[in-house]
Ligand SMILES: [Zn+2]
């Protein structure tokens, strides 16, 4: 299966997520107790460097020619994405992390006043981490010019004060078990993580 995947160089974004196992189709019991017909785990796609590079390049296309000098993302999800997007743009990649609960730029990383920065993340749902990274960038005097994410699960509700671009917008519907259409068809429910593809 992995051998086949590496042959596919021109898959669209949705196919990349499905083929890598990041987006599963089935009948899932979520941690909330609700049931869904899809399950998403973005780390699954980023385990394959060729997929990570393709997605990074696609996201970078949106931001070409805008004078971005640095790409930055929150640990953990944003690290690989920042690295791949930065590679495609030919600029450097940084990551922020929490120190005593506060999103911070550590490890000797720095930003210059006026430096144009792109903030990236793998998935946003509420966008909390991304918002904190935007604040970190601003507090250092640099200029966040946009937010790029692989998957937007916010339903388009998030506003970071800068343009938001995503490769995939995903709205995974969840049902109470009593109202679940797959349960009513008698289809067995599985915990996410069980391979069903
Ligand atoms: Zn169900």
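Only a single criterion out of (1) touching a residue at least 24 places away in the same chain (Cβ under 8 Å); (2) away from the ligand (no atom under 16 Å from the Cβ); (3) touching a helix residue (DSSP H, G or I) at 6+ places or on another chain (Cβ under 7 Å) is not satisfied by residue 114, namely (3).
Annotation: residue 69 fulfils all but one of (1) within 20 Å of the chain's Cα centre (by Cα); (2) in contact (Cβ under 8 Å) with a residue 40 or more places away in the chain; the unmet one is (1). Just to be sure before I move on: is residue 111 crowded, with 19+ Cβ neighbours inside 10 Å, assigned to a loop (DSSP other than H, G, I, E, B) and at pLDDT 95 or above in the structure I sent? So residue 111 passes the test. Taken over segment 148-197, the criterion of being under 25 Å from residue 80 (Cβ atoms), outside any loop (DSSP other than H, G, I, E, B) and within 16 Å of the ligand (Cβ to nearest atom) is satisfied by 192, 194.
Residue by residue, here is whether (1) at pLDDT 95 or above; (2) away from the ligand (no atom under 16 Å from the Cβ) holds:
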{"site": "35", "(1), (2)": "yes, no"}
{"site": "40", "(1), (2)": "no, yes"}
{"site": "45", "(1), (2)": "yes, yes"}
{"site": "50", "(1), (2)": "yes, yes"}
{"site": "53", "(1), (2)": "yes, yes"}
{"site": "59", "(1), (2)": "yes, yes"}
{"site": "70", "(1), (2)": "yes, yes"}
{"site": "73", "(1), (2)": "yes, yes"}
{"site": "77", "(1), (2)": "no, yes"}
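For segment 120-160, the set of residues classified as surrounded by fewer than 19 Cβ atoms within 10 Å (Cβ to Cβ) and touching a helix residue (DSSP H, G or I) at 6+ places or on another chain (Cβ under 7 Å) consists of 160 only. The residue that is surrounded by the fewest Cβ atoms within 10 Å (Cβ to Cβ), among those in segment 4-18 that are within 19 Å of residue 192 (Cβ to Cβ) and either at pLDDT below 95 or out of contact with any helix residue (DSSP H, G or I) (no Cβ under 7 Å at 6 or more places or on another chain) (or both), is 14.
The values are calculated or read from the model by the stated rules, or taken from the named source; none is laboratory data. Every value quoted in this text rests on a predicted model; they were computed, and no experiment measured them. Cβ atoms come from the backbone with ideal geometry, glycine included; neighbour counts cover every protein chain shown.
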